[in-house]
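**Q** Pasting a structure below so you can have a look.
Here, each number is a calculation from the coordinates, and none is a lab measurement. Computed from a predicted model, the values in this text were never measured in an experiment. All Cβ positions, even for glycine, are placed from backbone atoms using ideal geometry, and neighbour counts span all protein chains on display.
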Amino acid sequence: MTLAALRARAIALWHSPSLWLVGSNLLTRVLSFVVTLLISRTSGMGTLGAYSSLLISAASLTTPVSQAMANSATLMVTRRPDTQSWRRVLTGNAWVLSGCALLVVLGPWFLFSRTDGQGSPGLPPALGYAVVAALALGQLLSQFMLGLAHGANRSRQASWLVAAVMLAGIASCWLVIQTWGLAGALVQAAVVMAAPGILLWLYVMRRASATSAIDTVADRQDAWQRFTHALPSIGSTFINNATNWLCCIYWVLQHHGHVGVGLVTIGLQWAVMMQLPVNSWGGRIVHALGTASAEGHAALKRETAHQVRRCVGVSLLTGAAVVVMSPWIADLYHADRNMLIGLFVINGLAAVVASANYVFERVFFCLESQRMWLLTSMIAYVVQLAFTMIAIPHSLLAVAWGNLLAVTTIAVIVYLHLRSRWREP
């Protein structure tokens, strides 16, 4: 390859949104790994379990709403990607965002009260809830504002902002944990979660004229219509999170304690790592599917097949790499090697299947017909709940097996439904 060709490829990579999205998401995971590793090695697996249970509880009711709002913002801005339209979309979604903010503050309070009864060493209850509520609100704002950026084709710039925040978190986490322990780690998590959203909001308010006349009636109607269309998807994700909270937090605490939650958390962290590229491409996938959907079902079918092949292939490669490294990862965390390897193998299989589901869910969002997705999810989660409830007293691996059963059930039903819907006459 010539020097000119290498230079052209380097320039193309520099301007590739997908590359920067993966990079910023990778830094997010690095921060999470560093924090959990520091907690597990300095305070033990029990404290890691307490930390993880609070963060997962905070996100359980936030993620369904924040994901739907981010997808809605992306699709709304895609039609008019100037900075002024960002402000219009933001203003048009104000009432919906306010209602969602109330939900994500009250929801984590309930879940926090349930998990706090199991004991959270070194954390005052009032501070715990304040941090959990701040974490939930920060996630909602950041995902919505990043959705605006993806819709305006500013994914690369948004990735730079997220990367800068994560680098600051990585640089400071050791000092924070050594000085303030569990409380400091939770406060830092809330700040890191909220910072991208706050900074993007300030950017939009500064760039868009505050005195300009903005007709938000159509935007409010559009925002409300998209939110109501997304309710089945929100319900599906809510059921997913509630199921995961019961399976990964509540029942694990009952039968295996905070140490069990710590092991499950490490397994889930590396399962997310297996899907890192796929999760990083979420905004780009919605953009590509939304564009294809406007061209008709044939184009959407082709784009869906392309996205599924890409996501499954990448998840397969990353999953295999994590499984190969699993013995050394277990030793690094001072964790039970056999148990952690088992969790990694099962989670790797689930990650491959879930990567296809990740695309399928966004196809239903673009089709604005999500009742089938909600029904399928309910069936899958009933299967997961029933299996985990029966098997969890006997083995911690029941958590991973239950998740694999759930994602496989969804993939089979949705694939058959879409194939029937798109069958050529």
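**Q** Once all Cα-Cα distances of region 319-425 are split into 10 Å bins that start at 0, what whole-number percent is in each one?
**A** 14, 36, 29, 16, 5, 0
**Q** Charges only on Cβ, +1 for Lys and Arg, -1 for Asp and Glu: so what's the dipole of the chain about the Cα centre, in debye to the nearest 20?
**A** 960
**Q** Here's something else I'd like to know. Can you tell which of Ile379, Ile249, Ile410 shows the greatest fluctuation in a Gaussian network model of the chain with Cα springs below 10 Å?
**A** Ile379
**Q** Could you compute Rg(Cα) / (2.2 N^0.38 Å) for region 230-425, with N its residue count?
**A** Cα Rg divided by the expected 2.2 N^0.38 Å: 1.07.
**Q** Still on this structure, I have one more. If Rh is defined by the Kirkwood formula over all Cα pairs and Rg also comes from Cα, what ratio Rg/Rh do you get for region 18-105?
**A** Result: Rg/Rh = 1.11.
**Q** Additional query: How high is the relative contact order of the chain? Use alpha-carbon pairs under 8 Å, at least six apart in sequence, and give a whole percent.
**A** 22
**Q** Taking N as the number of residues in the chain, what is its Cα Rg relative to 2.2 N^0.38 Å?
**A** The value comes to 0.97.
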